[in-house]
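Here the structure is laid out as structure tokens; the discussion comes afterwards.
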Amino acid sequence: MEEKMVFDEPYVAHYQYSVGAVGTKFFTELRDNKKILGMRCPACHLVYFPPRATCHRCLAKLDEWVELSDEGTLITYTVVHYSEPVQPQEPPFAYGLIRLDGADTCICHFLGEVDPESINIGMRVKAVFREKGEGNMLDIRYFKPL
Amino acid sequence: MAKRAAIVGVGQTYHKSRRPDVTQVELINEAVKAALDDAQLTIKDIECVLFGNMEECEGSFLTDCWATLGTGAYMKEGCKIYTGGTTGTTAAIAAAQHVASGLFDTVLVAAYEKQDESVYGMEPLGLVPDPLWRRRFRSGAGAASWFARVGTTYMAETGATEEHAAMVRLKADRCACRNPHAHLRLNLTMEAVLKSPFLLYPLRLLYLCPTTSGACALVVASEERAKRMAQKPVWFKDWVIVHYEIEGFEGFFPEGRITSHEQAANILYSRNGITNVRRDIQMAEIYEPATWAELQFSEWFHFAEKGGMWRMVERGATDIEGEFPINPSGGVTCTNPIGCTAMIRVAEAALQIRGDAGEHQVTRDVKTAVATGFGGSFWTEMVLLTKSLD
Amino acid sequence: MNQKVPDQYIKIPHTVRLLYRYAAGPYMARFCKELRENKRLVANRCPRCRRILFPPRISCPDCMVRAADEWVEVGPGGTLLFFAELGRPGIDTRTGEVQELPASYACLIQPDGVLIGQGCFSHWLKVENPEKLREGMRVEPVFKEERRLGTLEDILYYVPVEE
């Protein structure tokens with residue numbers, strides 16, 4: 001057998017993701033006031049969370065901020081049982097798709113303070129905030145059952 | 001038989017170094033909305049959305065998927081196109097092809113680059129070259145050293161002097177200062193240009209394209225639709241894409257062999273009966289990543305006879321008021337959101353044909369214009385646009 | 001309208017760290033092994049037009065036929081096609097940090113035995129007397145003596161041969 005030549009090629013690059021003016025307002029309120037904001041499209045009658053500058057359906061520019069509840073409904077979930085370098089926590093842990101009261105769209109976040117066996121769709125959940133906010137999505141540590 | 005396709009809407013952002021006030025998606029959306037407004041359409045009128053960018057610059061992958069929030073591709077057909085520096089022209093050509101095929105009557109195509117997302121600017125593009133052959137030697141074999149060589153070679157072969165490059169850079173700045181969308185608008189003087197430090201002789205810092213954040217979008221429509229909806233449709237007459245064998249900037253100097261720029265120009269001109277380039281085409285928006293490249297590339301595109309470009313520059317022939325304007329927008333040395341840079345060439349050429357370029361509208365009556373794209377492993381694209389459908 | 005954006009906006013730093021494995025394929029594998037074991041550069045040929053394919057590869061770009069399994073040694077010395085003094089080094093994509101450069105010049109080399117226009121390559125150039133540098137002069141490689149991997153980095157740099 002001829003020796004095959006295969007070369008390890010690491011790739012490392014540093015980036016900074018702009019969250020923009022809308023994102024900055026959202027993360028600032030979350031960080032400083034533990035307040036969760038959404039954005040309403042008056043034409044499509046939808047409240048987006050996370051908030052966005054433009055409605056993807058009608059492309060209207062949005063500026064109608066809405067304060068959302070820190071409570072919502074679990075739409076669906078999964079429990080992670082395997083370990084990989086990309087996993088943010090040690091297994092087992094649960095991801096949920098959560099729709100906050102007052103919003104029409106969902107976000108994906110961790111479920112905490114919960115036995116994976118007892119999670120069920122439709123369960124009511126509440127955000128648990130990080131003591132000192134840093135201005136990113138993990139200022140909500142996880143959602144716990146009500 | 002292919003159908004004819006026309007540009008019926010053009011939009012772009014005000015290009016800047018940094019746009020921390022918007023996300024990538026919001027940046028794209030600015031151009032998309034501008035193009036739709038220009039076409040007097042809404043997103044509901046669009047059947048297919050194409051999209052381009054060089055995702056290494058942002059480190060955000062599968063941009064086509066999540067950028068639907070900005071492009072308006074939600075629940076529509078379309079895909080992403082990425083061919084390096086030529087991404088913008090490839091995407092524009094793909095839009096024309098999607099219409100020419102008869103599959104779609106209205107296609108929106110958007111491209112962007114948000115270079116302030118990368119801590120080291122364009123450096124992540126170092127992933128592009130072959131790791132065994134050239135990736136390690138980028139510091140030396142990167143764009144700057146080759147554009148320096150374009151300068152030394154050009155001077156040696158044609159008798160041009162350093163002042164001619166300075167004239168080209170001044171011309172670009174004069175144009176950019178009349179184009180509100182341009183990124184670098186510096187009000188340069190000859191003295192200031194000649195004070196700009198050499199990165200590598202004879203390439204001055206001012207002669208290299210900047211890192212820019214910006215987006216551009218076009219609306220392309222079929223003949224029936226364009227005639228009905230657009231006051232001034234700009235027709236895709238033809239396009240050509242040519243690759244070169246050699247990976248990397250070595251392709252600049254094929255030493256006795258024809259370059260992909262020359263090959264593309266030969267194909268495009270012979271296919272369209274263009275025998276006198278400066279008569280049959282009235283202006284050009286070319287992808288000139290460095291000032292010296294404008295002189296050399298223009299000759300490869302036959303805008304001047306070999307060794308004659310600097311004489312044209314000397315007499316102001318390539319200015320906005322000149323006999324053959326080149327890059328009246330200010331070109332790539334003034335604005336370079338890399339994944340959409342080539343699309344800006346097409347957009348600006350279309351505006352010149354429409355007569356809608358405003359302050360930087362060329363004085364010459366433009367019936368036919370050419371826009372070009374240029375990519376890292378020597379890949380040339382040319383788009384021929386016309387005012388009338390013939 | 002231009003420039004000056006206030007820095008009040010939140011940016012979220014993130015670093016992409018990936019590991020790829022690049023397969024050289026059978027043609028370049030031969031090149032890599034010759035470099036690693038024998039400090040030689042090799043190329044293959046087109047069976048139709050007989051041109052040298054450097055770097056070695058599967059097909060001839062001119063004839064579009066499959067390359068012959070016919071190998072020739074080229075270089076490793078050659079002619080200096082171009083040189084440039086390095087200013088600011090770029091970023092090494094392997095580390096995401098500034099690349100450490102083994103020499104202060106970059107160059108383009110036409111290896112002996114390869115016709116002009118049929119393949120050249122970039123490398124570093126270690127220069128003692130910059131005033132004596134000129135295009136067209138001979139250059140010779142300095143190889144790594146140990147732990148060669150089979151990449152062009154097994155050549156540390158080239159040096160000009162002054163007459």
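Bear in mind that the values in this text are calculations on the coordinates, not laboratory data. Every value quoted in this text rests on a predicted model; they were computed, and no experiment measured them. Cβ atoms come from the backbone with ideal geometry, glycine included; neighbour counts cover every protein chain shown.
Worth pointing out:
- 14 Å Cα cut-off, lysine pairs counted over the range A:20-145 (separation 8 or more, or different chains): 7
- 222 nm mean residue ellipticity, helices alone, for chain A (DSSP H n ≥ 4; -39,500 (n - 2.57); rounded to 500): -3000 deg cm²/dmol
- Among C:L19, C:L133, C:L108, the largest mean-square fluctuation in a Gaussian network model of chain C, built with springs joining Cα atoms closer than 10 Å, belongs to C:L19.
- Selected from C:C60, C:C49, C:C107 as most flexible by GNM, with chain C as the system and alpha-carbon contacts under 10 Å: C:C49
- Amide hydrogen neighbours beyond the local backbone of A:A94, cut-off 5 Å, H modeled: A:V80, A:L111
- Here the spin labels are modelled as points 7 Å beyond Cα on the Cα-Cβ line, and at A:F129 and B:L103 they lie 5.0 nm apart.
- Inter-part distance where the range B:1-35 and the range C:49-64 are each reduced to a Cα centre, Å: 42 Å
- Taking the DSSP bridge list for chain B and keeping only pairs wholly inside it, about 75 percent are antiparallel.
- The mean count of C-beta atoms from other chains within 10 Å of the C-beta of residues in C:150-158, rounded to a whole number, is 2.
- The fewest-to-most ranking of B:V22, B:V193 by surrounding Cβ atoms within 10 Å reads B:V193, B:V22.
- Shape analysis of the protein assembly as shown based on the Cα gyration tensor places the equivalent ellipsoid semi-axes at 44, 35, 24 Å, largest first.
- A:Q87/A:W65 FRET efficiency (R0 22 Å; Cβ-Cβ; nearest 0.05): 0.05
- Rounded to 10°, Cα long-axis angle of helix A:20-33 versus longest principal axis of chain A: 80 degrees
- Computed from the C-beta positions of C:N129 and B:I258 and an R0 of 45 Å, the FRET efficiency is 0.75 to the nearest 0.05.
- Assuming charge only on the beta carbon of Lys and Arg (+1) and of Asp and Glu (-1), the dipole of the protein assembly as shown about its Cα centre is about 920 debye to the nearest 20.
- By DSSP, the beta bridges lying fully in chain C are antiparallel in about 95 percent of cases.
- Among the chymotrypsin sites (Phe, Trp or Tyr not before Pro) within the range A:58-103, those in coil by DSSP and having at most 16 neighbouring Cβ atoms inside 10 Å are A:Y82.
- Filtered chymotrypsin sites (Phe, Trp or Tyr not before Pro), the range B:97-180: DSSP coil and at most 14 other beta carbons within 10 Å: none
- With a 10 Å cut-off around each Cβ of C:106-113, the average count of Cβ atoms from other chains is 3.
- The coefficient of translational diffusion for chain C, derived via Stokes-Einstein from the alpha carbon Kirkwood radius under 10 °C and 1.306 mPa s, stands at 87 µm²/s.
- With at most 11 other Cβ atoms within 10 Å, longest stretch of chain B clear of loop trypsin sites (Lys or Arg not before Pro) (DSSP): B:1-305
- Cβ crowding within 10 Å averaged over residues, with B:47-58, A:122-133, B:329-340 ranked highest first: B:329-340, B:47-58, A:122-133
- When the listed pairs B:K114/B:K171; A:K4/C:K33; B:K80/B:K227; B:K33/B:K76; B:K171/B:K195 are checked against a 19 Å cut-off, the alpha-carbon distance exceeds it for B:K114/B:K171; B:K80/B:K227.
- Residue order, fewest to most surrounding Cβ atoms within 10 angstrom, among C:I12, B:I43: C:I12, B:I43
- Label-to-label distance, nm, for residues given as C:V98 and B:Q40 (7 Å Cα→Cβ offset): 5.7 nm
- Semi-axis lengths (Å, descending) of the ellipsoid that matches the C-alpha gyration tensor of the range A:20-145: 27, 17, 13
- Averaged over A:53-66, number of beta-carbon atoms from partner chains that fall within 10 Å: 5
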